Amino acid sequence: MTPRPPRLSRLLLAAAPFVRRRPEVADELQDLFEMRAAREGRRAAVRRYRANVLSVWLNAMLWTARPHPPEPSPSWRARMEQLLLDVRYAIRRMRAAPAVTAIAILTIALGVGANTAIFSIADAVLFRAAPFAEPDRIVNISEMDSNTPDSRFAVAYPTVLAWREHHDVVDTLATWKSGSAIVVERQPERVSVSMPSTGYFAVYGVRPLYGREFTDDDMKAGAEPVAIVSHAFWQKYFGGDPAAVGRPLHLADATPAIVGILPPDFALASAVYRPLQLGSLAASPLARQFPVVARLKAGVTIEQARAVLEPIARQLADPAERARRGMSIEPYTERTARYARPTLRVLAGAVAFVLLIACVNVAGLMFARGATRGREIALRVSLGAGRRRIVQQLLIESCILGIAGGAAGALAAWVSLNAIVAAVPLSLPATAEPTMDLRVLAFALGLSVACGVLFGLLPAWRLSHTELVPALGAGGRTPTPLPRRLSRSLIAIEIALTLVLVSGASLMIRSLSALYGVDKGFSPAGVITLEASPLRNEDATYRRYYDDLLDRVRALPGVQAAGAADTFPLGPSRSMTMASPADDPGAKPRGIVVTSVLPGFFESMRIALRAGRLIDDRDRSGTPKVAVMNESAARARYPAGGALGRQLKIGTDTIEIVGIVSDVRSKDLASQPEPELYRAYRQSTAGTALDGRTVGRSLALVVRTSGDPRALGPALREQAQATGEPALVQRVRPLDEWIGESARVTRQRTTLLVLLGALGLLLALIGVFGMTSYAVSQRTREIGVRVALGATARDIMRAVGGGAAAAIGLGVAAGLAATFWLTRTISSFLFEVKPADPISIGAAALLLGIAAGAAAYLPARRALRVDPVEALRVE
Amino acid sequence: VKSERLGEFEELSLLAICALADAAYGVAVQQHLEKLTFRPVSMGAVYASLERLERKGFVRSALTASTGVRGGKRKRIFRATATGRDVLRDVRRLREAMWRSIEQPKGGRA
């Protein structure tokens, strides 16, 4: 065995500082040791080895300590210290020019703030998972027509039952029906009611806070009535008392026992849950009225689930449409995201443009300020600062500006988040509340730094190329001028960005005004609506009550006409019914919106009669059943005319068409009129509850008054309670409010885009003004010379303003191209206006051109007042 | 330049490298120096000297492939560069001129 050198010495060698090629050295010393050990014995070898290690130590240290040691790269510590110095220097410089700093911070704050607010909303809607266990396993399942991929239909009950047995792909699958009930615990109030099947809560992974869930026994016909209430409802009516479990819940038409209370984070819309008890109407495979929500088995993909469930749905479908029956399985979170995405995309684009404009502005500002620093930088370069150091210093300054602005912006966004959320035209899911969480703050920080680099890099790069001699030689009086081409490019970019924003706003304004001006087919002015429902839910009571109430209302002073209907135009939702012509059994049934009305409805709404007669007091139960059709329906069904006198089959009823009325925008202002049929309420059948009971149909009153409809409200409420029948009265509102509600989304989109457009415009004008006035101030001497040499005012204006005007023109041209390309993204927001509408965009370009021209003209005019003597004396 | 000058130990090391031709690695240089100078030479001094020579551009070094002999480790072999040889020649010329000035005292030309 070869002898080894002493261990301590070996360790010493391994620890020797500043030794290059240490492994080689160690190897050679080892060789030498072995050689000596063989020749002179181990002791001598050890002694020499130790001496060698020591000499390596000493020589390495001496060598390093010599005047020309290898230059070490700066340590992290040194770098951090340098950074800190730069930061302090930057802050000192910012404080030295408070006005410039304030403008820059404010500009960035506006841009970053707007982006942060929109991001926090997008974050909540698109990215933040639903507050349920493993939300990615929760899916909404619906059927669809494979020919129209966007169609979504609820599912027939037999299909639901067949699906829920497939435990190989679904853990739990549930359906529900939605309805409402009147709570009579105190003041009557209508609340939303969900009637879920068993497993509904399990799908969301939610257990009652107190009590139990629904069982299969609760779902059986004739079972003891039970209810589960939401946390908010429990707080409101039972003050959060756990003893509420087991107590009866007083509803107008039932008194179920409360068996469970839901936890607070289960914030889906319903207040009260009742077991889904299905009568005979659920059994039909054609009645597709059950929405489906399911929790997939762990590890099962949507495609796997589809492969199992789709054939079942096909098999149970009507043979005629089996071929095109498809199904859609959407992640629970996708449902809200799908509606929110277009709006969020446009808003995000708009705020990004605002931010870009802000960045261009600040870049111009930094340039202008940086130009006056030419001397300082030249001095630093001459004292040995490298280009990297200079760029680093300048970038740190701009990043600090960016972060300061971003912090102010994030603060502003945080303060105004609630107002912004209210202004954003999205119905946010109750489970996703936008907040300023860490992710949003990180976004704001990242954006701020990105801004700092964006608006700081170009000036930093340019300034770091400062020529020493001219900058120092001129005594610092003439700063390195901002190159004209550059400032013009900045102006052009700014104008182009702004034109896109302003055009978007302009298109929205035209849409909104078109929407308000659209022919609605009825006259809302002077009309007030209210919904009244007797608490005793019996068909006969309801019929008596509405007749009585209408008589009382008509007797009120100022009332010109009063009628009632189960829904009214632009009111609460409505649905289609299938109707087929009674005289042509071969014809296919077609969808039509059916409304039941009491006499006086058309007069109150001022829906015009085109032919025949309206529904009147002749049409009572026992007389032949009649209906009035709107022109759209008449045109679609009887293109050759002659709708009057024809008969339609709806369900089991055969109805004769006795009149034709004008079209009405009923669904919303932007939608084309739908085919509609108005029946006589007195001839229509009673409503049927899910459990098969006969119930009354609620109506809404529409009352036309000669005065202010709002003033009539209290009298209407009073009359609704004066018939001797206790009733729930709600939504006493002028019809104008419903119209405003219908235009709300368009109005909010318009408001937001106009605000963002105005913000962009303001920033751009500040930028144009700032850069032009800077250019003028730099050219004072040149202008002085020109004036001294006999230039006219016109010459001066051309010299000074010509560049800015050219830049603005270029910006408008580039902006127009971008606008025609980008406004397509808001085409779905527009109403009766094309995305490339020349009037809207032309108006926007004109406005921007004039405003920017003025912003450039004001400082340019100052050039005219330059006194040549003054200007030249400066030298 | 001062750093371009050759120290005494550096001169000996460089001469040893030239003498050893293709076998000039650290230990060999040290052995060669010990053998000819009859005094102990520390490895640390050799390494420092070799490194200085390399830095001044008087020698080049390269790692050999493993030889298979005595553990077969790779060795760093040093070779004198052209500059190194020039410097040695300059030193030698200077010394010979000095010696000549001793052996033929002033005025010898006359």
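The values are calculated or read from the model by the stated rules, or taken from the named source; none is laboratory data. Remember, it's a predicted structure, so these values are computed and weren't measured experimentally. No Cβ is skipped: glycine too gets one built from the backbone with ideal geometry, and neighbour counts run over all protein chains shown.
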Next on the checklist: When you scan segment A:34-46, do you find a residue that is modelled with pLDDT of 80 or more, over 60 Å from the mean Cα position of the chain (by Cα) and within 9 Å of another protein chain (Cβ to nearest Cβ), even just one?
Outcome noted: yes
Next on the checklist: Within segment B:1-83, considering only helices (runs of 4 or more DSSP H) that don't extend past its boundaries, which have at least 1 residues that are at pLDDT 90 or above?
Outcome noted: B:8-20, B:26-37
Checklist entry - In segment A:47-56, how many are within 15 Å of A:R7 (Cβ to Cβ) and more than 10 Å from chain B (Cβ to nearest Cβ)? => result 1
Checklist entry - Only one residue in A:S596, A:S632 is touching a Phe, Trp or Tyr at 6+ places or on another chain (Cβ under 8 Å), small (G, A, S), crowded, with 16+ Cβ neighbours inside 10 Å and modelled with pLDDT of 80 or more, so which one is that? => result A:S596
Checklist entry - Which ones in segment A:10-33 are in contact (Cβ under 8 Å) with a residue 24 or more places away in the chain and either crowded, with 18+ Cβ neighbours inside 10 Å or within 60 Å of the chain's Cα centre (by Cα) (or both)? => result A:L13, A:A16, A:V19, A:V25, A:L29, A:Q30, A:F33
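Every residue, every condition in (1) touching a Gly at 6+ places or on another chain (Cβ under 9 Å); (2) touching a residue at least 40 places away in the same chain (Cβ under 8 Å); (3) aromatic (F, W, Y), yes or no:
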| residue | (1), (2), (3) |
| --- | --- |
| A:G586 | no, no, no |
| A:R590 | no, yes, no |
| A:V593 | no, yes, no |
| A:A608 | yes, yes, no |
| A:L614 | yes, yes, no |
| A:D617 | no, no, no |
Next on the checklist: Checking A:S533 against (1) surrounded by fewer than 18 Cβ atoms within 10 Å (Cβ to Cβ); (2) outside any helix (DSSP H, G or I); (3) polar (S, T, N, Q); (4) in contact with a helix residue (DSSP H, G or I) (Cβ under 9 Å, 6 or more places away or on another chain): exactly one of these is not met. Which one?
Outcome noted: (1)
Next on the checklist: All but one of (1) on the phi > 0 side of the Ramachandran plot; (2) at pLDDT 90 or above hold for A:V272; state the number of the condition that does not hold.
Outcome noted: (1)
Item to check | Search result, residues across segment A:448-459 that are surrounded by fewer than 24 Cβ atoms within 10 Å (Cβ to Cβ) and at pLDDT 75 or above | outcome: A:V449, A:A450, A:V453, A:L454, A:L457
Checklist entry - Can you spot a residue in segment A:610-622 that is on the phi < 0 side of the Ramachandran plot, out of contact with any Ser or Thr (no Cβ under 9 Å at 6 or more places or on another chain), of a type in the set (A, V, I, L, M) and not in a loop (DSSP other than H, G, I, E, B)? => result yes
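Could you check, for segment A:639-656, whether at least one of its residues is of a type in the set (D, E, K, R) and without any contact (Cβ under 8 Å) to a residue 24 or more places away in the chain?
no
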Item to check | Enumeration of residues in segment A:560-572 that are at pLDDT 90 or above and either assigned to a loop (DSSP other than H, G, I, E, B) or surrounded by fewer than 21 Cβ atoms within 10 Å (Cβ to Cβ) (or both) | outcome: A:Q560, A:A561
Item to check | Hits in segment B:29-51 (condition: buried (at least 21 other Cβ atoms within 10 Å of the Cβ), at the interface with another protein chain (Cβ under 9 Å from one of its Cβ atoms) and within 13 Å of the chain's Cα centre (by Cα)) | outcome: B:Q30, B:V46, B:Y47, B:A48, B:S49
Checklist entry - For A:Q315, which of the numbered conditions (1) under 15 Å from A:V139 (Cα atoms); (2) part of a helix (DSSP H, G or I) fails to hold? => result (1)
